[in-house]
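A short worksheet on the structure shown next.
What follows is calculated from the coordinates using simple rules that are stated; it is not laboratory data. As the structure is a computational prediction, the values presented were derived from the model and not from experiment. Don't worry about glycine lacking a Cβ; one is built from the backbone with ideal geometry, like all the others, and counts go over all protein chains shown.
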Amino acid sequence: MKLNRAIGLIVCLVYPYLIFAQSNVDFIRSTGKIYSVVAVVCLLFLFLAVYLYRLDRKISDLEKKIKNES
Amino acid sequence: MIKGLWWKMLGVILFLYVCIAGFVVPLKPGIYNASPTNIKAGQTLNLSIEGYNSHYKSAEELTAFLKFDSIQILKATDIKVNSEQSIEATFNIPEYINTKKKIAEATLIVDNATDGYSIMPAAVFVNSISKTPSQVDWNTDFVNDLHQVDAFAFPFRNILYETIRNTFFHVAIWMSMMILFIGALYSSIQYLRTRDRRHDIHSYSLTSTGIVYGLFGLASGAIWAKYTWGTFWTSDIKLNMAAIAMLLYAAYWILRSSIEDLDNKYKLSAIYNIFAFVALIPLIFVIPRLTDSLHPGNGGNPALGGEDLDNTLRMVFYPAIIGLTLLGVWISDLVSRYLKLENIIQEKENIL
């Protein structure tokens, strides 16, 4: 479970870089700078994903606590 | 907080609509590039014009103008169409242009029946203007001949181009953050009035989500700035004031985690939350308008009006604010439900 989540986080973090690593600045500036908007939307998803991941981890801890008590 | 599932689904649907409509609706036709930009007076200018979303080849009544001021307007003598996006216009620049400056600045206007007219400010600079006034044949009545085409499209703005779509994410997230912080303010006041732990939990979860939204606002603004203003961070007043506001709210997190005594912790964080909100309003909305800023809305102008936010943008922008707010409230709801459960467990432990 823990490993799965770690892999998920790494994929979330690295995926945008995989897209932009192959490109140069001209790629983002091509076709009316549309890819800067794509970057912003990716970033929005990334922020929400990281925030939800942290919440997920907290809830897991809580679940473990309840399991240990019962 | 809010009961039921409908508002969560509404948030998802609105955000999906924003992602689809925000990307699918095209930009209005415009002028992407024109070269050369410098010409001596009295010469023939062969201006190659690059259009964006334009239909130069298939359009009828294609004309081009150079506008020096409201009276001095020069019509292209000849236009060679290369493709839908590319034309070459020939202008006979006169020896004399009535201007106080050494260099005359001309706005380029390209007009046709399909796209309507599109404008590029400061497209051509004319130097070495003759000092002696002479008669020039200007096309003063051209304004009546321009085509006005109403299309369902976002406005084409130079430098911005497609990044105008960032309005739905960058600007909307700041608005959503404000709504979340207003909710947190309300909960803080409620906590101080009733000393009910639930209000503190609501206030904390809304503030946390608001801070994440604000951090995204700063980061997305940096990306937008990189591709329009040239750098990730400038000394623009609104940027720095927003960063200070986010630091103020980050201190809320630190304050909360640094107080051991629970009653004091809730009370102080509620008071600090009210203070942070009161500081946020002048930092983001007042100070940037008193001085010059790169953001729209400097010098006291309304930021969300006029040409910056037309009706087509509004049709996506307002749903974006509502959708992002609902998603933010949803996440805050999850946080507060977690905190309530944690509270119950802790109380149980205390009894044991």
### Summary
Picked from the range A:38-70 (must be within 17 Å of the chain's Cα centre (by Cα) and β-branched (Val, Ile, Thr)), the residue nearest to the other protein chains (Cβ to nearest Cβ) is A:VAL40
### Task
Name every residue in the range B:142-171 that is closer than 29 Å to A:LEU46 by Cα and among the acidic types (Asp, Glu), in order of residue number.
B:GLU162
### Message
Could you tell me how many of the residues in the range B:226-248 are without any contact (Cβ under 8 Å) to a residue 24 or more places away in the chain and within 14 Å of chain A (Cβ to nearest Cβ)?
### Response
4
#### Entry: Conditions (1) touching a strand residue (DSSP E or B) at 6+ places or on another chain (Cβ under 8 Å); (2) surrounded by fewer than 20 Cβ atoms within 10 Å (Cβ to Cβ); number of the one not met by B:SER134
(1)
### Message
So, in the range B:156-185, how many residues would count as being within 22 Å of B:TYR52 (Cβ to Cβ), surrounded by fewer than 19 Cβ atoms within 10 Å (Cβ to Cβ) and more than 12 Å from the chain's Cα centre (by Cα)?
### Response
2
### Query
How many of the residues making up the range B:86-143 are among the aliphatic types (A, V, I, L, M), over 36 Å from the mean Cα position of the chain (by Cα) and under 30 Å from B:LYS28 (Cα atoms)?
1
### Task
Please tell me if B:ALA251 is surrounded by fewer than 23 Cβ atoms within 10 Å (Cβ to Cβ), within 14 Å of chain A (Cβ to nearest Cβ) and not β-branched (Val, Ile, Thr).
no
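Across the range B:1-41, which residue is surrounded by the fewest Cβ atoms within 10 Å (Cβ to Cβ) among those that are basic (Lys, Arg) and within 25 Å of B:LYS80 (Cβ to Cβ)?
B:LYS40
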### Query
Can you tell me which of B:THR107, B:THR44, B:THR90 is of a type in the set (Val, Ile, Thr), surrounded by 15 or more Cβ atoms within 10 Å (Cβ to Cβ) and free of Cβ contacts under 8 Å to residues at least 60 places away in the same chain?
B:THR107
